[in-house]
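Some notes on the structure that comes next.
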Amino acid sequence: MTIAGTGSYVPERILTNAELEKLVDTSDEWIRSRTGIRERRIAADNEATSDLGTKAALKAMEQAGVTAEELDLIIVATVTPDTFFPATACYIQRNLGARNAVCFDISAACSGFLFALQTSRHFINTGNRKTVLIVGAEKLSGMVDWKDRNTCVLFGDGAGAAILRRRTEDSNESRVLSTVMGSDGMLTDILSVPGGGSALPTTPENAEERLNTIKMEGREVYKQAVTAMRDACIKAIADAGLTTDDIAMVIPHQANIRIIEAITDRLGIPSERTFINLDKYGNTSAAAIAIALDEANRTGAIKKGDNVLLVAFGAGLTWASAVVQW
Ligand code: ACO
């Protein structure tokens, strides 16, 4: 399978750390030193997740030279769908006019884009689908408790996309060499949105308690993320038949600079070979790797032939990794 094109879109509105200082008891210094985040993007009230995803998708399609009619599968990774149903993938299908596509969403939180990548790989390798659009898109600003300094400083909105196709042998197109996925449902409670679903439907009382917003045990998430992401990297590199020395660039989930440094230190990968944009966007969950991959692609941070390692971790718990020869 090859990645034939990438695209991304972030909303115009920038929310800086200085602005957050006026909302909650925090400081630019605390946020930067604990997370590396300087600012994040916030979608407009009338901008839904599918609107962000559609804009990213159009850029990926343009780069790949693919028309809407050619798409036969659309997978959207999101935890902030436009509606419970239909799937956000169906709204994006409508926006694109992609009449020939089968569409569904994946819920794997921050690992969603890489879950979509591996799922597509199976569809493409079996010959079941030929031209796939995967999108990671989130409007987390609507799910954040803007009174909780533990979480509201971390997240942002945005979308990234990729076009995937079967790779013709002996071509010089990029090639997905390995994909890894994992989950641990024993730790659902350390990162979740407890309310608003069938377990705890929204009532005036629990809305008042803001149970329909993100709840997180930050330290425990941090610990779990470092171990799971490191192990996922080791497996994806080995499955690709490579060593860490062969990795030209790591594109990790963009949650926290300290998590990323802890992983790359343990793997022995220097910071020059690590792609970071979380300072500009914060944690955009399923969109984060997709946006970073597109920026790395378009700015030339990754070049033809480079072995690129992608790695993610999120609620579930879920984790995933992949090695792509660019
Ligand atoms: N501003 C100022 N102080 C704060 C803020 C803030 N925004 N948030 C928390 N604090 C305070 C806490 O209240 C606490 O105060 P106390 O000691 O008086 O109780 C103090 O800072 C230390 O809090 P800790 O939680 O111990 O701080 P820590 O160094 O662990 O950093 C952080 C917190 C950044 C959340 C860290 O635990 C982390 O990054 N965890 C991973 C979370 C994450 O990335 N989640 C995203 C989803 S999962 C993923 O994408 C990987």
Segment E29-E173, extension gain: residue separation times 0.36 nm, minus the distance between their alpha carbons: 47.5 nm
Most positive-pole-ward Cα, L293, T35, T67, against dipole of the chain from beta carbon charges: T67
Solvent-accessible area per residue for the chain (1.4 angstrom probe, square angstrom): 43 Å²
Semi-axis lengths, Å, the chain, gyration tensor of Cα atoms, sqrt of 5 times eigenvalues: 29, 24, 18
Karplus (6.51, -1.76, 1.60) ³J(HN,Hα), θ = phi - 60°, over segment 3-14, in Hz, Gly and Pro reported as x: 9, 8, x, 10, x, 8, 8, 10, x, 5, 5, 9
Assigned charges on the beta-carbon of Lys, Arg, Asp, Glu; segment 175-325 dipole about Cα centre (debye): 380 debye
Long-range amide H partners of T131 with built H, under 5 Å: D72, L73
Peptide ranges 243-253, 186-196 listed from the most packed, as the mean C-beta count within 10 angstrom indicates: 243-253, 186-196
Relative packing of 235-242, 214-221, 255-262, which averages over residues the other C-beta atoms within 10 Å, highest first: 255-262, 235-242, 214-221
Ranking by accessible area, most exposed first, for Y222, Y281, Y91 with a 1.4 Å probe: Y222, Y91, Y281
Relative contact order (%) - segment 2-165, alpha-carbon pairs under 8 angstrom, separation at least six: 34 percent
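Rounded to the nearest percent, how much of the accessible area of the chain (1.4 Å probe, protein heavy atoms only) is carbon and sulfur?
50 percent
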DSSP beta bridges in segment 2-165 [antiparallel fraction, %, rounded to 5]: 65 percent
Charge-dipole axis of the chain as Lys and Arg at +1 and Asp and Glu at -1 on Cβ define it, positive-most pick from I92, L310, V226: L310
Segment 297-306 - phi-based ³J(HN,Hα) in whole Hz, Karplus 6.51/-1.76/1.60, Gly and Pro as x: 5, 6, 8, x, 5, 10, 10, 3, x, 5
By accessible area with a 1.4 Å probe, ligands and nucleic acids excluded, highest first: order of F155, F104: F104, F155
Gyration tensor over alpha-carbon atoms, segment 2-165, equivalent ellipsoid semi-axes in Å: 32, 15, 14
Charge dipole magnitude, Cβ of K and R +1, D and E -1 - the chain, Cα centre, debye nearest 20: 600 debye
For the chain, with +1 on Lys and Arg beta carbons and -1 on Asp and Glu, the positive-most of A108, G241, V79 along the dipole: G241
All aspartates and glutamates inside 14 Å of K55 as judged from Cα atoms, apart from same-chain residues fewer than 8 positions distant: E12, E47, E138, D157, D294
Relative contact order (%) - the chain, alpha-carbon pairs under 8 angstrom, separation at least six: 25 percent
Rounded to whole Hz, the Karplus (6.51, -1.76, 1.60) HN-Hα couplings of segment 163-174, x for glycine and proline: 9, 10, 9, 5, 8, 7, 3, 6, 8, 9, 6, 4
F84 versus S183: modelled label distance in nm, points set 7 Å from Cα along the beta carbon direction: 2.0 nm
Cut-off under 5 Å, modelled amide H: who pairs with D306 long-range: W326
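The values are calculated or read from the model by the stated rules, or taken from the named source; none is laboratory data. Everything quoted here is computed from the prediction, not taken from an experiment. Neighbour counts are summed over all protein chains in view; Cβ atoms, including those assigned to glycine, are modelled from backbone coordinates with ideal geometry. To get the accessible areas, we keep the full protein, side chains included, count just its heavy atoms, and leave off ligands, DNA and RNA. Shrake-Rupley method; radii C 1.70, N 1.55, O 1.52, S 1.80 Å.
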